[in-house]
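Written below as structure tokens is the structure these notes are about.
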Amino acid sequence: MTVVTPIAAQSMGGAPASSLIDPFGRMVSYVRVSVTDRCDMRCVYCMSEDMDFLPKREILTFEELDRLCSAFVSRGVRKLRITGGEPLVRRGVMGLFRALSRHLESGALDELTLTTNGSQLESHAAELAACGVRRINLSLDTLDAATFKTVTRRGDLAQVLRGADAAQAAGLALKINMVALKGVNDHEIETMLRWAHGRGADLTLIEVMPLGRIEAERAEQFVSLAEVERGLARRFTLRPLAHRTGGPARYLHVEETGGRLGLITPHTHNFCESCNRVRVTCTGTLYMCLGQEDAVDLRAPLRASSSDELLLQAIDRAIARKPKGHDFMIERRAAPPAVSRHMSVTGG
Ligand code: SAM
Ligand code: SF4
């Protein structure tokens, strides 16, 4: 890990002297933190029908999560995304948002946000907005109630749509995340695009990633977004946007709808050079890359001492091991997944 000197930090836009810079010179400014592995849905590409969830003692407490997030903020992280599992099903999670909002107020953090399936959004949207959350990612793969039930195995579309309404009524900007699934919802992409843009939300399409063992064969679920883009380009005027987030999304402006379309194509490598993020599981395991197995345990240093010294040392060691890029491939039949943990464990 390179420790940035004050002079170097000035040239990096005033980042703290102790910023997290990896061996490839990338500054880690964005952390996604999973607060639970549990979920009230069982999306077919994400979980198996029968999931074994972790015992409570393994999961970081809210106090530990606060310390962990705050340690990253003290090292120059500017954006925190709370995820899961489904973050809003963990009882008491709003207390964590309230606590973390102090970093927004102090100016240490630019953005506090979350990724949610929307099932609990109706009752939480106003409080999220009051905590300084300005935009959220809402996962929604279809507008057809029966397809929604099939994809999520137990979700209720109407409840999620009420959540979307409540979020917008509370002033939260919405980005809809749609995983494109062959023969399931790929015929709905245009409908979803018009629906999302019609209500002032962005739409981001996601390719299925080989994370965790599930029943469905991923090669059969896979839809190439390059093909989807070619299809959409025949019906819409798509203009590439310069907007970059340091992640795998590319953005296009859709002239006919006036909205923004994101394409997340993790099977390409071209986003890794600008990768600015790491992920922490609900057990405090830090993954330096979504597509690699290497990880560092942050729970032991968190629990070993009430001071954050050991924790910060572990974070520094981890960033020094951030790999250059991922190693995804849609495996063919009977092959193990490229990465054995589910997205619900690493956090989306
Ligand atoms: N439960 C929340 C939700 O669904 O938004 C947050 C966690 S979920 C794991 C985060 C995102 O990961 C969702 O948008 C979901 O669609 C996506 N996801 C889960 N498994 C995936 C996979 N194997 N490939 C691509 N995206 C996946
Ligand atoms: Fe739950 Fe989100 Fe995974 Fe669906 S994608 S099963 S909502 S964690």
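The rows are residues; the columns are (1) at pLDDT 95 or above; (2) surrounded by fewer than 17 Cβ atoms within 10 Å (Cβ to Cβ).
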| site | (1), (2) |
| --- | --- |
| VAL44 | no, no |
| MET47 | no, no |
| ASP50 | no, yes |
| LEU54 | yes, yes |
| LEU65 | yes, no |
| VAL77 | yes, no |
| LEU80 | yes, no |
| GLU86 | yes, no |
| VAL93 | yes, no |
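For the stretch 153-172, name all the residues that are within 22 Å of ASP186 (Cβ to Cβ), open to solvent by less than 10 Å² (accessible area, probe 1.4 Å) and touching an Asp or Glu at 6+ places or on another chain (Cβ under 8 Å).
Hit for the stretch 153-172 is GLY155, nothing else.
Taking the condition modelled with pLDDT under 95 and open to solvent by less than 40 Å² (accessible area, probe 1.4 Å), does CYS289 pass?
Answer is yes for this residue.
For residues that are at pLDDT below 95 and not hydrophobic (A, V, I, L, M, F, W, C), tally how many sit in the stretch 187-216.
5
I'd like the full set of residues that are small (Gly, Ala, Ser), within 15 Å of ligand 1 (Cβ to nearest atom) and farther than 30 Å from GLY231 by Cα, limited to the stretch 154-188.
Across the stretch 154-188, the qualifying residues are GLY163, ALA167.
Would you call GLY231 farther than 30 Å from ARG57 by Cβ, among the small types (Gly, Ala, Ser) and assigned to a strand (DSSP E or B)?
No: the conditions fail for GLY231.
Kindly establish whether GLU58 is away from ligand 1 (no atom under 11 Å from the Cβ), within 29 Å of ARG321 (Cα to Cα), open to solvent by 30 Å² or more (accessible area, probe 1.4 Å) and free of Cβ contacts under 8 Å to residues at least 12 places away in the same chain.
The answer is no for GLU58.
Would you confirm, using the coordinates I've provided, whether ASP165 is touching a helix residue (DSSP H, G or I) at 6+ places or on another chain (Cβ under 9 Å) and in a loop (DSSP other than H, G, I, E, B)?
It is false that ASP165 is touching a helix residue (DSSP H, G or I) at 6+ places or on another chain (Cβ under 9 Å) and in a loop (DSSP other than H, G, I, E, B).
Please go through the stretch 43-73 and pick out each residue that is within 16 Å of ligand 2 (Cβ to nearest atom) and touching a strand residue (DSSP E or B) at 6+ places or on another chain (Cβ under 7 Å).
TYR45
Residues in the stretch 82-122 that are more than 19 Å from TYR30 (Cβ to Cβ) and touching a residue at least 40 places away in the same chain (Cβ under 8 Å): how many?
11
I'd like the full set of residues that are of a type in the set (D, E, K, R), outside any helix (DSSP H, G or I) and within 16 Å of ligand 2 (Cβ to nearest atom), limited to the stretch 87-139.
Result: ARG90, single match.
Can you find even one residue in the stretch 144-166 that is under 24 Å from TYR251 (Cβ atoms), away from ligand 2 (no atom under 15 Å from the Cβ) and in contact (Cβ under 8 Å) with a residue 40 or more places away in the chain?
no
Which numbered condition trips up VAL73, out of (1) β-branched (Val, Ile, Thr); (2) part of a loop (DSSP other than H, G, I, E, B); (3) free of Cβ contacts under 8 Å to residues at least 60 places away in the same chain?
(2)
Is it true that some residue in the stretch 218-227 is open to solvent by less than 20 Å² (accessible area, probe 1.4 Å) and modelled with pLDDT of 95 or more?
No, because not a single residue in the stretch 218-227 is open to solvent by less than 20 Å² (accessible area, probe 1.4 Å) and modelled with pLDDT of 95 or more.
Being within 15 Å of ligand 1 (Cβ to nearest atom), open to solvent by 60 Å² or more (accessible area, probe 1.4 Å) and either more than 19 Å from LEU193 (Cα to Cα) or at pLDDT below 95 (or both) is the filter here; which residues of the stretch 118-152 pass it?
THR150
Please count how many residues of the stretch 66-86 are in contact with a helix residue (DSSP H, G or I) (Cβ under 6 Å, 6 or more places away or on another chain) and within 16 Å of ligand 1 (Cβ to nearest atom).
Count: 2.
Collect the residues in the stretch 298-313 that are closer than 25 Å to LYS324 by Cα and loosely packed, with under 14 Cβ neighbours inside 10 Å, keeping them in residue-number order.
Result: GLN313, single match.
Does ARG32 fit the bill of being within 15 Å of ligand 1 (Cβ to nearest atom), basic (Lys, Arg) and under 27 Å from ARG244 (Cα atoms)?
yes
The values are calculated or read from the model by the stated rules, or taken from the named source; none is laboratory data. As the structure is a prediction and not an experimental result, all values here were calculated from the model. Every residue, glycine among them, receives a Cβ derived from its backbone with ideal geometry; neighbour counts consider all protein chains shown. These accessible areas exclude ligands, DNA and RNA; they are computed on the full protein's heavy atoms, side chains included. Shrake-Rupley method; radii C 1.70, N 1.55, O 1.52, S 1.80 Å.
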